[in-house]
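No value in this document is a laboratory result; all are computed from the given coordinates. Because the structure is predicted, anything quoted here is derived from the model rather than measured. Cβ: placed from backbone, ideal geometry, glycine included. Neighbour counts: every protein chain shown.
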Amino acid sequence: MNRKILIRLAAIGLLFFTILSNAHSSMIQQYFDLGNSAYKEGKYEEAIENYEKVSDSGLESGNIYYNLGNSYFKKGKSGKAVFNYEKAFFFMPSDNDLMSNYEYVLASLNLDLQYFGTWPVRFANVLFEGATIDLLTVLLSAIYFLAVALLICSLFFPGLKRGINVFLLFLSVVFALSAVSLNSKITYLNKGAIVISKVADARFEPTESGTTYFKLTEGGKVEILEKNENWYKIKRPDNKMGWVQKTDVGSLSE
C-alpha cells in the first residue's frame, strides 16, 4: 500500500514538474515573441525589456544576444550593442548577419576589429574564428584519440610508421593551434569586457578622485585584471592599464 502511494506521489510530482517546465518555456517564448513584435514596430525599449527577461531567465542563445544588440543600436546605445554582439559570437561565431552588424557598429564608432594576445594567439584565433568553445573541445578530444589510435597502428604496421609520423606531426600542429585558440576564447569569456559608456575614464587609482590616465572608447574591448568593490582594473589590447568604474564596462562573464 505504501509503495503504491509513493509511486502515485512520484507520478504527481513528475506531472507537476512537467507542467511548470512547460509553463516556464511558454513564458520565455512569449517574451521572445513580444520582443520581436516590439522591434518590428520600432518600440526598441520595449523590445529590450522583453529580450532581457528571456536572458534573465537563464536561457542563453546567440539569437537573444543578436536581437538585443540590434535593439540597443537602434536606441543609440552602441556600446551595449557591441557588448551583446560579442556575447552572441560565443554561440554563433560564423553567422554572417551577426558579423555584418558587428562591423557596421564598430565602423560607426570609428573602431577596427580588436585582438588580444601575441601574433601566434591572434593567428590561432583567426584560423579558428568560426569555432565555438564546445566545438574546439570536441576537436581536441578527437585529435587526441586519433593520435593514440595511430600510435597503436604504427606498432602493428611498421611499414606505415613513416607516413603515420608525418600525419602525427600535422595533427600536433593542429592540436597546438586549436588549444591556443580554445584557451584564448575561454580567457576572453572569463576576463573580457566591453566599454558600454559613451564616456569612460581610466584612472591610476580605484577612486573618483584618482587622476585620469586615459580615456576609453565606447565599444572598445578591455580585459579585466582585478576587481575592487565598484572598480575594475582593466587592460586595453595595447596593454595600457587603468581603473574604471564597473558601470562603464560590461563583463562578458556576467
Looking at the stretch 38-142, what helices (runs of 4 or more DSSP H) fall wholly within it and have at least 3 residues that are out of contact with any helix residue (DSSP H, G or I) (no Cβ under 7 Å at 6 or more places or on another chain)?
44-56, 78-89, 96-108, 119-127
In the stretch 108-148, how many residues are loosely packed, with under 14 Cβ neighbours inside 10 Å, small (Gly, Ala, Ser) and closer than 22 Å to GLY62 by Cα?
1
Looking for something under 25 Å from SER181 (Cα atoms), in contact with a Leu (Cβ under 6 Å, 6 or more places away or on another chain) and not aromatic (Phe, Trp, Tyr) - is there at least one such residue anywhere in the stretch 100-109?
no
Residues satisfying the stated conditions in the stretch 209-254, i.e. out of contact with any helix residue (DSSP H, G or I) (no Cβ under 6 Å at 6 or more places or on another chain), surrounded by fewer than 19 Cβ atoms within 10 Å (Cβ to Cβ) and not in a strand (DSSP E or B):
SER209, GLY210, THR211, THR217, GLU229, PRO237, ASP238, ASN239, LYS240, LYS246, THR247, GLU254
From the residues in the stretch 237-254 that are under 13 Å from ALA200 (Cα atoms) and not aliphatic (A, V, I, L, M), which one is nearest to the chain's Cα centre (by Cα)?
GLY250
